[in-house]
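The values are calculated or read from the model by the stated rules, or taken from the named source; none is laboratory data. Because the structure is predicted, anything quoted here is derived from the model rather than measured. Every residue, glycine among them, receives a Cβ derived from its backbone with ideal geometry; neighbour counts consider all protein chains shown.
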Amino acid sequence: MATARSFWKGHLRLALVTIPIRLVSATSSEDKIALHQVDRKSKQRIRYQKVAGETGKVVPQSDIVQGYELDDGSYVLFEPDELDKLKLSTRHTIELTEFVDACSIDPLYFDNPYYVLPDGDVAEEGYRIIRDALKESKKFGVGQLTMRGRENLIAMKPSGDGLMIETLRYANEVRDADDVFSEISNGKLRPELIEMAKQLIKERTRKFEPGDFKNHYAEALRNLVKEKVEGGESTEVGGGDERPVGGTVIDFMDALRRSTGKAPAKSGRPSAKTAASQQKREPAKRSKPKPKSKTRARG
């Protein structure tokens, strides 16, 4: 197996212990399909140019610098070397400053995962000690790391035979759930509905296996690309469930009963509700007009 490519190298520090480490991405984008914007007539890819906002003039890369916008619309400009000189202790070191229970971090705060590897044979012993200590204590190490021009809050945890970190969102980057859900009513729910929902959850509970799920859209898109390359006609994207279009009203009690197999047995006679709905859907049958009786004219 090919050695994973490192995109960051530095040190992991725990109190007075420092070991060299490297980070590799824990995710892969190889399976993703990239679509580009193309000119229909010339069949050439659309390219974007960096232009000045007011004049529309194309600006060469050598003239582009970073800037911070002030309230009055003016900018404070920074040269690349000025930003590089900012002395952050987290630029080359991940220091685990505290430890928390493994289940105490809300998943909402997790952002991107990265695998942590020891950088060299000398680092392996210290790496394994920290890994096993975290595993046995069921704790996550918390610290900070400067990466790609941004200081990230991170959590370090055991992962299989190694370690991984996940960048975390800062508190001011997460919206308060109470504010978002404030308009949801708190009315009393029917206990039997909750019990049926719990039964349905119990019946469908199993070990999570990511490999059991497929990206149906990506698969259909690949097939469409293949057909076009081979000169076939384009087809509609298929696969997956066909969902009805429109606002279908669902009886939640009936849906739960059907899901849990507790739907009432069908009787020969339709219910009054069903019969009424059928009458609405079926056109009313017109009664045939009675033949007019012939009468003789009185003389």
Filter region 125-157 for residues that are among the aliphatic types (A, V, I, L, M) and outside any helix (DSSP H, G or I); which is modelled with the lowest pLDDT? Met147
Please go through (1) more than 15 Å from Leu23 (Cα to Cα); (2) aliphatic (A, V, I, L, M); (3) at pLDDT below 95 for Val100 and return the number of the only condition it doesn't satisfy. (3)
So how many residues does region 88-118 have that are part of a strand (DSSP E or B) and touching a residue at least 40 places away in the same chain (Cβ under 8 Å)? 17
Specify the residue that is farthest from the chain's Cα centre (by Cα); the eligible residues are those in region 26-58 that are among the hydrophobic types (A, V, I, L, M, F, W, C) and farther than 30 Å from Phe110 by Cβ. Val58
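Which members of region 136-194 meet the condition of being at positive phi and of a type in the set (Gly, Ala, Ser)?
Of everything in region 136-194, those that are at positive phi and of a type in the set (Gly, Ala, Ser) turn out to be Gly149, Gly160.
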For Thr18, state whether it is part of a strand (DSSP E or B) and within 30 Å of Ala123 (Cβ to Cβ). yes
Of (1) free of Cβ contacts under 8 Å to residues at least 40 places away in the same chain; (2) surrounded by fewer than 17 Cβ atoms within 10 Å (Cβ to Cβ); (3) touching a Pro at 6+ places or on another chain (Cβ under 7 Å), Leu134 satisfies every one except (2)
Only one of Glu173, Glu166 is under 30 Å from Lys85 (Cα atoms), surrounded by fewer than 14 Cβ atoms within 10 Å (Cβ to Cβ) and not basic (Lys, Arg), namely Glu173
What residue, among those in region 1-57 that are touching a residue at least 60 places away in the same chain (Cβ under 8 Å) and in contact with a His (Cβ under 7 Å, 6 or more places away or on another chain), is surrounded by the most Cβ atoms within 10 Å (Cβ to Cβ)? Ile21
